[in-house]
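See structure below.
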Amino acid sequence: MFQRIKELLAHAACAFVDAISAARVAIVAFALFLAAGYTMYKHPPMRTVGRGEVGIRLNRLTGTVAEWRDGSVLAFPGLHDIRIFTLRDQVYRPADSGRADGAAPFQSVEGLSVGIDITVRYAVDAARLRAVWTRLPDDVGADVVQPAVSSVVYKIFARYSVREIFSGKRAEIQQAIETELGPKLAADGVALRDVLIGKVDLPADYKRGLEALLSEELASEKMRFTLELKEKRVRESALEAQALGVRREKAAEAAALEQVIAARGQDEAMKHVLPLKQRQIEQRKLEAEAERVANVRRAKGAAQARRIEADGEAKARERLAEAEAYRLQKVGRATAEQMEREGVLVSRHPLLIQKTLADKLSDKIQVIIAPPPADSGFIGATLLGGGPKQ
């Protein structure tokens with residue numbers, strides 16, 4: 001029985017040891033999995049190459065170099081070595097050299113400090129990238145471009161005076177920098193695009209002296225231009241006077257020639273005008289004579305017409321007078337005959353007077369009732385109150 005217990009304890013110990021070994025294996029596997037995950041997280045196998053970039057991948061086993069653009073590339077840690085470079089144009093400006101009193105100003109041939117705003121535009125040369133990518137630093141601008149620009153630019157500016165840098169030979173300086181800096185950067189796989197020289201900051205003393213010199217030069221230039229202007233005005237006045245004399249001479253010649261031509265024209269015209277005037281005078285005389293004869297004839301005709309009108313009017317008045325006398329004679333005779341007849345009729349019928357009076361008053365008095373007179377006299381006497389008193 002004791003032996004049996006020993007066997008059971010031995011089997012339990014073996015099982016415990018196996019369990020511990022399995023747990024160790026699981027822990028190691030889990031640790032390896034975590035390490036692989038962390039490695040994949042820190043160094044992902046897929047690298048993305050953006051727009052305007054280029055990727056270079058080196059296979060450590062085979063030594064082959066591949067190039068990718070605008071896409072994703074597979075890179076296993078430990079197996080592949082990959083670097084991504086941008087192909088876009090980049091700009092470098094020496095910030096400490098922009099002012100004459102800055103930290104690193106440029107020096108002129110006179111030994112004066114000059115601040116110059118320089119802009120260098122560059123880009124990684126894609127054609128030479130496979131040859132130089134292994135020795136290119138991560139920061140190309142700070143480790144390659146900046147030292148090359150400093151070594152070239154300081155040396156070139158030291159050849160020129162401040163006045164030449166400021167105005168006279170700026171284009172020449174720019175061309176010299178590009179000529180010397182371009183091959184130096186190309187050796188490191190960097191293409192120089194352009195070099196621009198902007199604002200030039202002069203030393204304060206030199207600036208004051210330059211301003212005074214410029215003022216004097218401007219004054220002398222102004223005086224020179226003033227003298228030239230006055231000389232030109234004198235020449236212009238002389239030319240204007242000469243031109244005025246020529247114009248007057250030409251105008252006088254033209255006026256004299258015009259008068260000669262006008263006199264000749266008048267002479268020629270008078271040869272034709274005088275006969276015409278003479279014919280016009282004769283024509284006017286004939287017209288006046290004809291007008292006088294016509295007026296005499298019109299006066300005679302008018303006098304004769306007046307005599308005829310007067311004779312006709314006298315005869316007409318005579319006839320009218322005869323007709324009026326005849327009419328009066330006839331009317332008087334008819335009136336006398338009528339009165340004679342009416343007197344006979346009234347003497348026969350005395351009441352006709354009353355009737356006639358009633359007819360005359362009929363438009364004002366419609367009915368008259370009056371007693372006849374006792375003496376058979378005039379009925380109107382009774383109406384008017386003019387009868388004999390009783």
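The values are calculated or read from the model by the stated rules, or taken from the named source; none is laboratory data. Everything quoted here is computed from the prediction, not taken from an experiment. Cβ atoms come from the backbone with ideal geometry, glycine included; neighbour counts cover every protein chain shown.
Data overview
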read-out: Looking only at segment 146-190, and only at residues there that are in contact with a strand residue (DSSP E or B) (Cβ under 8 Å, 6 or more places away or on another chain) and of a type in the set (Phe, Trp, Tyr), the one that is modelled with the lowest pLDDT; value: 166
read-out: Residue within segment 233-240 that is assigned by TED's automatic domain parsing to the domain that holds residue 111 and either part of a helix (DSSP H, G or I) or at positive phi (or both) present; value: no
